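A.B. asks: I am attaching a structure below and will ask some questions about it afterwards.
The values are calculated or read from the model by the stated rules, or taken from the named source; none is laboratory data. Quick caveat: nothing in here was measured; it's all calculated off a predicted structure. FYI the Cβ positions are ideal-geometry reconstructions off the backbone, even for glycines, and counts take in every protein chain you see. Surface accessibility is based on the protein's heavy atoms, side chains included, excluding ligands, DNA and RNA. Shrake-Rupley method; radii C 1.70, N 1.55, O 1.52, S 1.80 Å.
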Amino acid sequence: MRTLYPFHGGVHPADHKSESAQLGIAVAPLPQRLVVSLFQHRGSPAKPVVTIGEQVLKGQRIGAAEGMISSSVHAPSSGRITAIELHPAPHHSGLPDLSITLETDGEERWIERQPMDYCAIDPSGLRQHLQDMGVVGLGGAAFPSHVKLNANHLETLVINAAECEPYITCDDMLMRERAAEVVQGIMIAQHAMGARNVLIGIEDNKPLAIASMQAACQGTGMEVVVVPTLYPSGSTKQLIKLLTGKEVPSGGLPTQIGVQCFNVATAYSMHRVANHGEPVISRLVTLTGNVEEARNYEVLIGTPIGELVKLARPKADTTGYIMGGPMMGLPLTDLSVPVVKATNCIIATSKALFPPLPRAMPCIRCTRCAAACPADLQPQELFWFAKSKNFEKAQEYKLFDCIECGCCSYVCPSHIPLVQFYRFAKSEISAQEKDRKAADLARERHEFREFRQEREKLEKAARHAAKAAEAAARAAKTSEGGGDADVDAAAAAKKAAIQAAIERAKAKKAAVKPQNVDDLPPEAQAKIDEIDERRAQAKETAEQTVTAQNTDEGQSA
Amino acid sequence: MSMNSPLVAEQSTVSVIMLKVLGALVPAIAVYVYFFGPAILVSITLASVAALATEAAVLYLRRYPLRVYLLDGSALVTAWLLALSVPPMAPWWMVVVGTVFAILVAKHLYGGLGNNLFNPAMVGFAALMISFPAHMTQWPAPEMLAQTHWSFTQQMDFVFGGMLPADSKLDAVTMATPLDALKTQLHLDREMTDIQSGKIFSTLSGKGTEIIALLYLLGGLFLWQQRIISWHIPLSFLAAMFGTAGLFYLFDSSQYASPLFHIFAGGTMLGAFFIATDYVTSPTTLLGKLIFGAGIGVCAYIIRVFGGYPDGVAFAVLFLNSAVPLIDAYTQPRVFGHARKWFKGSKE
């Protein structure tokens with residue numbers, strides 16, 4: 001029995017997992033239309049490499065990774081490209097993504113699939129291949145996996161199979177039914193990073209998955225570690241601590257402590273990529289909650305969620321849908337959004353399953369939040385600082401170590417939307433940081449301008465003095481020789497010199513045109529606009545929360 | 001459904017917490033009635049009504065929603081704790097004045113629920129102790145020791161109208177508390193064993209009062225079991241008082257009472273489990289709670305033994321309340337992923 005190193009805090013929300021784990025994985029039917037977002041991973045969006053009207057094959061790359069932290073996207077089925085446009089996407093920002101719409105032809109014609117011998121090529125080649133094949137973290141964060149594989153002589157590879165969020169069972173079912181393939185996928189990651197140990201962390205509420213993985217790991221040297229069911233043990237940092245006793249340094253990466261962590265479904269997709277030549281075009285999605293038939297489906301990326309949820313037959317009193325789990329998930333306002341690589345679960349909500357919370361009361365400093373915080377923070381202090389907009393103090397109390405897991409809000413007897421306050425404070429601090437940088441830049445430019453003007457003034461004065469001396473000398477000469485022609489010539493020369501100086505000044509002015517946001521390429525500008533808009537939205541929601549809270553306290557209802 | 005995660009929450013509320021605190025006091029109150037008569041129920045009722053009325057008036061003035069804040073139960077907890085700290089034989093207006101002062105000044109002038117620096121019940125108590133010291137000593141004698149028995153009506157006549165029964169004096173039904181008796185007798189140069197042979201004293205501390213203290217302890221253990229309070233403040237409080245008292249007792253047991261006597265006498269148990277543990281006015285870090293509890297234990301002992309008042313719990317609590325922001329700032333725990341520091345000072 002391996003020693004576990006429990007992290008602090010955690011909560012036990014009702015898990016609601018059995019509902020969707022009764023039936024085996026089913027394959028969702030092929031939709032007529034698939035909407036593939038070019039930005040379903042962290043980093044920069046992929047660039048479309050197809051044109052409208054083009055026929056594509058299943059698995060064909062339709063969006064190419066742009067830059068290091070990016071990933072490619074592929075046609076989930078064969079058909080014709082009908083649109084490349086902004087389309088609603090399941091983001092916390094609520095902003096649309098540039099997406100490729102594919103009219104499927106129902107023939108499911110594949111590209112030529114080429115399995116690779118990953119042991120034969122060097123790790124950087126493998127990483128390139130994984131990026132080209134669109135492998136990203138399928139646990140929900142969708143961080144491009146090839147970036148994380150950039151490590152060698154790793155001490156421990158942690159496979160995250162904890163699946164701690166309530167309701168979600170897609171990893172559980174994957175391990176039950178496809179354990180051997182998962183293990184083959186883990187071997188790829190292990191090989192790429194030269195990991196000495198492999199620890200597969202699974203919460204003890206998944207006995208069938210544990211048994212199946214243990215059987216599949218026989219003789220591989222990998223170890224299945226059963227961890228207690230405690231939210232958020234599936235958070236990367238908390239799972240690494242739990243299994244290895246090591247803490248990822250604040251602001252650092254797991255590789256700094258010789259550890260890397262991949263989700264179990266990501267390992268599975270590495271297997272499909274390397275051993276079958278299939279890019280990431282589908283994933284398992286749990287359909288559960290207020291539905292007649294909760295179940296896990298193998299779903300093509302791009303399937304409209306509104307269409308997908310019908311498979312589970314939502315009950316009549318369904319009030320809405322959540323993408324992800326109830327603790328960190330995203331309530332969906334628009335069901336036309338497509339399934340993306342991060343879509344692990346869709347929960348139909350009802351008043352019974354998600355009762356409205358009582359109104360927020362003042363913080364009474366009961367410290368239940370501090371007792372529940374897996375990051376060892378003092379949420380009640382952070383709340384106080386966030387609410388009073390004392391952002392400096394909030395940072396001093398390590399606001400940015402908050403993982404927004406929601407444990408604090410979950411236990412709060414005053415039902416304060418704590419996580420919202422932290423998101424608000426974080427976005428405000430980021431904005432201030434940006435403003436500060438802009439101000440620094442502006443000040444630097446201003447100071448340089450003053451310096452330049454001063455210098456020019458001095459230069460001009462020097463020139464004038466020189467010229468005056470010259471003129472005086474010439475005048476002395478002229479008075480010797482006499483004649484006005486020379487004086488006229490001197491005036492003309494002076495005029496020309498002035499003209500030349502003006503020209504020079506103009507040229508200089510044009511040359512020192514500021515290197516600021518005015519001259520950015522359109523993509524960068526779009527990116528900045530998007531960030532600004534997301535920030536504005538985050539700020540708005542957070543401010544509404546703050547105002548609501550203040551109003552609650554200041555006004556009679 | 002809220003539109004921001006987390007979308008689920010535990011169904012616990014502030015009201016539930018406060019109700020459990022009140023519930024944990026009930027057994028001790030029942031025993032109080034058994035030993036000292038039903039007058040305490042009248043003072044609890046008076047304090048409750050005064051607290052709710054004051055709370056309602058201030059909430060109205062501050063334009064807060066009345067119902068939800070009145071139902072949070074915090075005003076009732078203040079009222080009950082104050083009523084239990086004031087002699088039930090004191091005039092009716094005393095507990096009312098104390099409660100109004102507690103809610104109005106100590107709670108709402110500091111910003112209301114969650115914002116007060118000092119424990120409201122203890123502020124109310126201190127105000128009464130300083131303003132009406134004589135009335136604050138009118139503790140009833142346990143019924144088995146009282147020279148005469150007043151009927152409930154006679155008690156109420158006295159509490160509400162100051163009328164003594166025809167053939168009786170106040171001294172006939174009141175008595176010095178064990179702590180009070182100890183203090184005055186020691187001034188008369190009497191030996192501890194001699195003093196403690198007095199009829200008010202018993203095995204642990206005083207007759208009747210020691211049983212009430214035991215039930216406060218049980219109620220506190222219930223709150224701990226219910227995870228309403230953590231063990232840190234009560235344990236460090238009791239341990240510090242026991243330790244300090246133990247040192248003096250070892251030094252000279254003829255002049256200093258036993259440590260067991262001290263933790264079962266006066267307001268120790270009520271203070272350790274119900275007053276010092278008040279969320280709003282105690283530290284939030286675990287180390288801070290230990291320091292806070294220990295500080296109260298030591299200060300209460302010092303005030304009790306060397307100060308002018310027979311008991312020191314209330315003043316010790318208020319004193320340590322004022323140190324809470326400082327304690328919190330200097331006891332911030334290490335955050336996940338940060339290096340361990342020996343001195344965790346705030347930058348300010």
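A.B. asks: log₁₀ I(q)/I(0) of the stretch A:302-395 at q = 0.15 Å⁻¹, via Debye over equal Cα point scatterers, no solvent, to two decimals?
C.D. replies: -0.80
A.B. asks: Continuing with the same structure: For the protein assembly as shown, what % of the accessible area comes from carbon and sulfur atoms, probe 1.4 Å? Can you show the working numbers first?
C.D. replies: Values: 23710 of 40010 Å².
The nonpolar share, carbon plus sulfur, comes to 59 percent.
A.B. asks: Now, a different point. When N is the residue count of the stretch B:11-174, what does its C-alpha Rg come to as a fraction of 2.2 N^0.38 Å? Provide the component values of the computation, followed by the final result.
C.D. replies: Details: Rg = 16.8 Å, N = 164, 2.2 N^0.38 = 15.3 Å.
Taking N as the residue count of the stretch B:11-174, the ratio is 1.10.
A.B. asks: Report the full-extension gain for the segment A:Glu459 to A:Ser430: residue separation times 0.36 nm, less the Cα-Cα distance, to one decimal in nm. Show your work: numbers first, answer last.
C.D. replies: On the way: separation 29, 0.36 × 29 = 10.44 nm, distance 4.30 nm.
Length gained between A:Glu459 and A:Ser430: 6.1 nm.
A.B. asks: Cross-link list A:Lys206/A:Lys310; A:Lys341/A:Lys426; A:Lys393/B:Lys289; A:Lys437/A:Lys527; A:Lys148/A:Lys539: which exceed 24 angstrom alpha carbon to alpha carbon? Each step should come with its number before you reach the end.
C.D. replies: Working: A:Lys206/A:Lys310 27 Å; A:Lys341/A:Lys426 26 Å; A:Lys393/B:Lys289 22 Å; A:Lys437/A:Lys527 18 Å; A:Lys148/A:Lys539 31 Å.
Checking Cα-Cα distances, A:Lys206/A:Lys310; A:Lys341/A:Lys426; A:Lys148/A:Lys539 exceed 24 Å.
A.B. asks: Please compute the net charge surrounding A:Leu174, taking Lys and Arg as +1 and Asp and Glu as -1 over other residues with Cβ under 13 Å from its Cβ. Show your work: numbers first, answer last.
C.D. replies: Values: positive: A:Arg176, A:Arg178, A:Lys206, A:Arg272, A:Arg283; negative: A:Glu163, A:Asp171, A:Asp172, A:Glu177, A:Glu181, A:Glu298.
Spelling it out: positives minus negatives among the neighbours equals -1.
A.B. asks: Going by alpha carbons, how many degrees (0 to 90, nearest 10) lie between the helix axis of A:123-132 and the longest principal axis of chain A?
C.D. replies: That helix lies at roughly 90 degrees to the long axis.
A.B. asks: Another question, if that's okay. Going down the list A:Lys457/A:Lys494; A:Lys47/A:Lys246; A:Lys467/A:Lys506; A:Lys241/A:Lys351, which pairs span over 27 Å between their C-alpha atoms? Working shown, then result.
C.D. replies: Working: A:Lys457/A:Lys494 17 Å; A:Lys47/A:Lys246 39 Å; A:Lys467/A:Lys506 22 Å; A:Lys241/A:Lys351 37 Å.
In this structure, A:Lys47/A:Lys246; A:Lys241/A:Lys351 lie more than 27 Å apart at Cα.
A.B. asks: Here's something else I'd like to know. Between the alpha-carbon centers of the stretch A:365-393 and the stretch A:270-341, tell me the distance in whole angstrom.
C.D. replies: With the stretch A:365-393 and the stretch A:270-341 each reduced to a Cα centre, they are spaced 34 Å.
A.B. asks: Mind pulling the angle between the C-alpha long axis of helix A:170-193 and the longest principal axis of chain A? Nearest 10 degrees, somewhere in 0 to 90.
C.D. replies: 50 degrees
A.B. asks: Moving to a separate point now. Relative contact order for chain B: what is it in percent, counting Cα pairs under 8 Å that are at least 6 residues apart? It would help to have the intermediate numbers written out before the result.
C.D. replies: Details: 497 pairs, mean separation 55.7, N = 348.
Computed over chain B, the figure is 16 percent.
A.B. asks: So what J values fall out for the stretch A:194-209 if you push phi through Karplus, 6.51 cos²θ - 1.76 cosθ + 1.60 with θ = phi - 60°, rounded to Hz, Gly and Pro as x?
C.D. replies: My calculation for the stretch A:194-209 gives x, 6, 6, 10, 10, 10, 10, x, 10, 5, 6, 8, 10, x, 5, 5 Hz in order.
A.B. asks: Moving on. Give me the number: length gained by fully extending B:Trp231 to B:Tyr34, i.e. 0.36 nm times residue separation minus the C-alpha to C-alpha distance, one decimal in nm. Could the numbers behind the result be given before it?
C.D. replies: Working: separation 197, 0.36 × 197 = 70.92 nm, distance 2.93 nm.
Separation in residues times 0.36 nm, less the Cα-Cα distance, equals 68.0 nm.
A.B. asks: With Cβ to Cβ distances under 11 Å as the rule, what net charge do the other residues near A:Leu208 carry (K, R +1; D, E -1)?
C.D. replies: Working: positive: A:Arg176, A:Lys206; negative: A:Asp172, A:Glu177.
So the environment of A:Leu208 carries a net charge of 0.
A.B. asks: Here's a follow-up. Equivalent-ellipsoid semi-axes (√(5λ), Cα gyration tensor) for chain B, whole Å, largest first?
C.D. replies: On the way: eigenvalues 239, 150, 56 Å².
Values for chain B, descending: 35, 27, 17 Å.
A.B. asks: Then there is this: Report the antiparallel proportion of the DSSP beta bridges in the protein assembly as shown as a percent, rounded to a multiple of 5.
C.D. replies: Details: 38 of 61 bridges.
The answer is about 60 percent antiparallel.
A.B. asks: If you place +1 on the Cβ of every Lys and Arg and -1 on the Cβ of every Asp and Glu, how big does the dipole about the Cα centre of the protein assembly as shown come out, in debye to the nearest 20? Write down the numbers at each step before the final one.
C.D. replies: Working: 79 positive and 82 negative charges, 294 e Å.
So the dipole magnitude of the protein assembly as shown works out to roughly 1420 debye.
A.B. asks: Non-local amide H neighbours of A:Thr303 (under 5 Å, H modeled in plane, Pro and chain starts lacking H): which ones?
C.D. replies: Amide H neighbours of A:Thr303, under 5 Å, 5+ apart: A:Val35, A:Val339.
A.B. asks: Further, regarding this structure: With θ set to phi - 60°, apply the Karplus curve 6.51 cos²θ - 1.76 cosθ + 1.60 along the stretch A:232-241 and write out the HN-Hα couplings as whole Hz, x wherever there is a Gly or Pro.
C.D. replies: Here the 3J(HN,Hα) series is x, 5, x, 6, 3, 5, 5, 5, 4, 4 Hz.
A.B. asks: How high is the relative contact order of the stretch A:202-315, in percent, counting Cα pairs under 8 Å that sit 6 or more residues apart? Write out the running numbers ahead of the final one.
C.D. replies: Working: 100 pairs, mean separation 14.8, N = 114.
Averaging sequence separation for qualifying contacts and normalising by length gives 13 percent for the stretch A:202-315.
A.B. asks: If each Cα of chain A is one equal point scatterer, what is log10 of I(q)/I(0) from the Debye formula at q = 0.12 Å⁻¹?
C.D. replies: -1.24
A.B. asks: Then there's this: Taking a cut-off of 19 Å between Cα atoms, list the aspartates and glutamates near B:Lys207, but don't count ones fewer than 8 places away on the same chain.
C.D. replies: B:Glu143, B:Asp171, B:Asp180, B:Asp194, B:Asp311
A.B. asks: Rounded to the nearest 0.05, what FRET efficiency do B:Ser197 and B:Ser131 give with R0 = 35 Å and r taken as the Cβ-Cβ distance? Could you check? Can you show the working numbers first?
C.D. replies: Numbers: r = 35 Å, r/R0 = 1.00.
FRET efficiency, B:Ser197 to B:Ser131: 0.50.
A.B. asks: Could I ask something else about it? To two decimal places, what compactness ratio does the stretch B:176-334 give when its Cα radius of gyration is scaled by 2.2 N^0.38 Å? Intermediate values should be presented prior to the final figure.
C.D. replies: Working: Rg = 15.9 Å, N = 159, 2.2 N^0.38 = 15.1 Å.
Relative to the 2.2 N^0.38 Å estimate, the stretch B:176-334 comes out at 1.05.
A.B. asks: Sticking with this one: What residue among B:Thr45, B:Thr277, B:Thr99 has the largest mean-square fluctuation in a Gaussian network model of chain B, using Cα springs under 10 Å?
C.D. replies: Largest GNM mean-square fluctuation: B:Thr45.
A.B. asks: So which helices of chain B fit the span-like rule, where a helix is a whole DSSP H run, its Cα atoms reach 18 Å or more along the axis, and its mean Kyte-Doolittle is at least 1.0?
C.D. replies: Working: long enough: B:14-36 (33 Å, 2.14); B:39-61 (33 Å, 1.97); B:209-225 (24 Å, 1.51); B:232-251 (28 Å, 1.49); B:286-306 (30 Å, 1.82).
Qualifying helices, which must be both long enough and hydrophobic enough, are B:14-36, B:39-61, B:209-225, B:232-251, B:286-306.
A.B. asks: Scan the stretch A:217-319 for GluC sites (Glu not before Pro) in coil per DSSP, keeping those whose Cβ has at most 10 other Cβ atoms within 10 Å, and list them by number. Don't skip to the end; give the middle numbers.
C.D. replies: On the way: sites: A:Glu223, A:Glu247, A:Glu292, A:Glu293, A:Glu298, A:Glu307; in loops: A:Glu247, A:Glu292, A:Glu293.
When the GluC sites (Glu not before Pro) of the stretch A:217-319 are filtered for loop state and at most 10 Cβ neighbours within 10 Å, A:Glu292 remain.
A.B. asks: What is the extension gain from A:Arg445 to A:Leu95, computed as 0.36 nm multiplied by their sequence separation minus the C-alpha to C-alpha distance, in nm to one decimal?
C.D. replies: Numbers: separation 350, 0.36 × 350 = 126.00 nm, distance 3.43 nm.
Value of the extension gain: 122.6 nm.
A.B. asks: To continue, here is another question. Could I have the simple spin-label model distance between A:Ser124 and B:Asp171, label points 7 Å from Cα toward Cβ, reported in nm to one decimal?
C.D. replies: About 10.1 nm separates the two model spin labels.
A.B. asks: Still on this structure: Show the residues, 5+ positions off or on another chain, whose built amide H is closer than 5 Å to the amide H of A:Cys164.
C.D. replies: Residues meeting the criterion, in which the H sits 1.01 Å from N, are A:Gly234.
A.B. asks: What aspartates and glutamates does A:Lys237 reach when the alpha-carbon gap must be under 17 Å and sequence neighbours fewer than 8 apart in one chain are set aside?
C.D. replies: A:Lys237 reaches A:Glu155, A:Glu163, A:Glu165, A:Glu203, A:Glu247, A:Asp376, A:Asp401, A:Glu404.
A.B. asks: Further question on the same structure: Mind checking the angle between helix A:264-276 and chain A's longest principal axis? C-alpha axes, 0 to 90 degrees, to the nearest 10.
C.D. replies: Once rounded, one gets 80 degrees.
A.B. asks: Please state, rounded to one decimal and in Å, the Kirkwood hydrodynamic radius that the stretch A:208-293 gives when every pair of distinct Cα atoms enters the mean of 1/r. Before the final figure, lay out the partial values.
C.D. replies: Working: mean 1/r = 0.0633 Å⁻¹.
When all Cα pairs of the stretch A:208-293 are included, the Kirkwood radius is 15.8 Å.
A.B. asks: When all C-alpha to C-alpha distances in the stretch B:1-81 are sorted into bins of 10 Å, what percent of pairs does each bin hold, rounded to whole numbers?
C.D. replies: 16, 36, 27, 15, 5, 1
A.B. asks: Taking each pair of different alpha-carbon atoms in the stretch A:335-480 once, compute 1/r for the pair, average those values, and report the inverse of that mean as the Kirkwood hydrodynamic radius in Å to one decimal. Present the calculation step by step, with values, prior to reporting the outcome.
C.D. replies: Working: mean 1/r = 0.0474 Å⁻¹.
Across the stretch A:335-480, the inverse of the average 1/r is 21.1 Å.
A.B. asks: Going through the stretch B:265-348, which chymotrypsin sites (Phe, Trp or Tyr not before Pro) have at most 12 other Cβ atoms within 10 Å and a DSSP loop state?
C.D. replies: Details: sites: B:Phe273, B:Phe274, B:Tyr279, B:Phe292, B:Tyr301, B:Phe306, B:Phe315, B:Phe319, B:Tyr330, B:Phe336, B:Trp342, B:Phe343; in loops: B:Tyr279, B:Phe336, B:Trp342, B:Phe343.
Sparse-neighbourhood loop chymotrypsin sites (Phe, Trp or Tyr not before Pro): B:Trp342, B:Phe343.
A.B. asks: Contact order normalised by length for chain A, with contacts defined as Cα pairs under 8 Å and 6 or more residues apart; what percent is it? Numbers along the way, then the final one.
C.D. replies: Details: 1041 pairs, mean separation 84.7, N = 557.
Rounded, it is 15 percent for chain A.
A.B. asks: Now for a different question. Along the Cα→Cβ direction, 7 angstrom out, place labels at A:His12 and A:Glu223. What is the inter-label distance in nm?
C.D. replies: The modelled label-to-label distance comes out at 2.6 nm.
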